[in-house]
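Please read the structure below before turning to the comments.
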Amino acid sequence: MRTRIKNAKVVLPDGVAEIDVVVEGTKIADIDSASQLAVDETIDARGLHLIPGVIDDQVHFREPGLTHKEDLAHASRACAKGGVTTFLEMPNTVPNAITQQLVEDKLRLAAASSIVNYGFYIGATPDNLDELKRATRTPGIKIFIGSSTGDLLVDDQNALERIFAETTLPLTAHCEDEATVRANRDRIGETSDVADHSRIRDHEAAIIATKRAMDLAVRHKHRFHVLHVSTAGECELLANHHRLLTGEACPHHLFFSIDDYERLGTLIQMNPSLKTRDDNAAVWQALLDGRLQVIATDHAPHTLDEKRKPYPQSPSGLPAVENSLALLLNEVHQGRCTIEQVVHWMCDAPARVWDIVNKGRIAVGYDADLVLVDLEKQQTIRNEDQLTKCGWSPWDGVELVGWPVRTWVMGHEVFCDGQIVASQRGHEALYDHARGGYWATEA
Ligand code: DOR
């Protein structure tokens, strides 16, 4: 089956061009308006932009074990609608994905029910070094240097030194310093004010843990990706990347601040916590000037009933995978960034950080993970329209301009005109870790 996508403004690695893209089977076969390839179907995409599918490298899809909150079938449909064609999922499921066997169990679950492409991190514990050393079929190793949802935590310095020294897979971490969080919690005492969440998990907690991880990475020359950067201080640290370090921003740390607790309460309780508007601006600036390379969601769904419990019984985490691309396209509309920058942060950079083979770009021979976006489309996020199992969004009621309208995963259409149309499953993401990550690959 060959399909020609005509007349779209195509976001290519070297700029935007109005050019035909021919998809054959699972691959991009040709990029050329004069292409003579005979096709079975032609799609006129005039007025739309064609971009590579988004790769969200930080999601929590809760399967197995927590499927009352989310599952792979619902979450992958939310991905397709949101223009996310590949997700990399975190290990704090139940059981925690801390062995090769458990990672492969998740790969099997996804093969059965995910309509987009998938990958699963292996989680570090204080004593699973042997598993981490021989792990395969995974983007990398996730360390919770500071606990969050679930019980994964590696705080002991010796254990961390050994992980950085003895493993070879890319490393990433949740960085909030346990001791600082504990001391803040003790000082603040009993509280039901969710704003205290940002005083307990404060700037210091994030900066100390990020500094600690960066120090380990640099001493052991081990590449390291800082997840969900929330402070101006971490952005400053990441200016010095040593060609080893990369960093990531999440929509909630760009678009929500402590000023929003009054309106949204525990719905926006997150780890790392929300910080100030100045931090929002600093994280945005760090994306623009290249100190942060990636935007991912940290999609962390809980049910509305769980989220509406009084603080601190309320769990941390919010869903975002369904709306993250639109949230950034809305910034394009507002003139704060370009569509090429969005494609860099959400498609190309994550593919390079995790050495994902044949993804993140529109190029001949690359996988046909493609999204048509309408930069003029106005649409309001509504809880009742969400495809996630948790069925709510902290952006409920927000109107955005710029939306994905059609999504293909490996050449197979999965979303069109507001409807999920998938009849096949996504594929396992493949990694070529010998490439050496973001700084070792050309821009
Ligand atoms: O707020 C959060 N919730 N942050 C995380 O890092 C984990 C997540 C979850 O799994 O609920």
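Taking residues in segment 256-278 that are over 18 Å from ALA205 (Cβ atoms), and partners anywhere that are basic (Lys, Arg) and within 16 Å of the ligand (Cβ to nearest atom), the pairs with Cβ atoms closer than 6 Å and at least 6 places apart or on different chains are THR266/LYS307; LEU267/LYS307. Only a single item in (1) in contact with a Cys (Cβ under 9 Å, 6 or more places away or on another chain); (2) small (Gly, Ala, Ser); (3) surrounded by fewer than 19 Cβ atoms within 10 Å (Cβ to Cβ) is not met by GLY189, and it is number (1). Could you tell me whether ILE295 is of a type in the set (A, V, I, L, M, F, W, C), under 17 Å from HIS60 (Cα atoms) and either crowded, with 18+ Cβ neighbours inside 10 Å or touching a residue at least 60 places away in the same chain (Cβ under 8 Å) (or both)? Here the answer is yes, as ILE295 does meet what is asked. Looking only at residues in segment 298-329 that are assigned to a helix (DSSP H, G or I) and within 11 Å of the ligand (Cβ to nearest atom), the one that is surrounded by the most Cβ atoms within 10 Å (Cβ to Cβ) is LYS307.
Within segment 330-356, which residues are touching a Phe, Trp or Tyr at 6+ places or on another chain (Cβ under 7 Å) and surrounded by 24 or more Cβ atoms within 10 Å (Cβ to Cβ)?
Here is the first cut: in segment 330-356, the ones touching a Phe, Trp or Tyr at 6+ places or on another chain (Cβ under 7 Å) are 349, 352-356.
Scanning segment 330-356 gives ALA349, ARG352, VAL353, TRP354.
Among the residues of segment 385-420, those identified as assigned to a loop (DSSP other than H, G, I, E, B) and of a type in the set (Ser, Thr, Tyr) are THR388, SER393.
I'm trying to understand the selection: among the residues of segment 198-249, which are touching a Ser or Thr at 6+ places or on another chain (Cβ under 7 Å), among the aliphatic types (A, V, I, L, M), under 21 Å from ALA440 (Cα atoms) and touching a residue at least 40 places away in the same chain (Cβ under 8 Å)? VAL226, LEU227 - these are the residues of segment 198-249 that are touching a Ser or Thr at 6+ places or on another chain (Cβ under 7 Å), among the aliphatic types (A, V, I, L, M), under 21 Å from ALA440 (Cα atoms) and touching a residue at least 40 places away in the same chain (Cβ under 8 Å).
Matching residues to (1) touching a Lys or Arg at 6+ places or on another chain (Cβ under 6 Å); (2) closer than 22 Å to SER113 by Cβ:
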{"site": "THR380", "(1), (2)": "no, no"}
{"site": "VAL398", "(1), (2)": "no, no"}
{"site": "GLY402", "(1), (2)": "no, no"}
{"site": "PHE415", "(1), (2)": "yes, yes"}
{"site": "ALA422", "(1), (2)": "no, yes"}
{"site": "HIS433", "(1), (2)": "no, no"}
{"site": "ALA440", "(1), (2)": "no, no"}
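Values in this text are rule-based calculations from the coordinates and carry no lab data. Bear in mind that the values here come from a model prediction, so they are computed numbers and not experimental data. For neighbour counting, all protein chains shown are included, and Cβ atoms are generated from backbone atoms with ideal geometry for every residue, glycine included.
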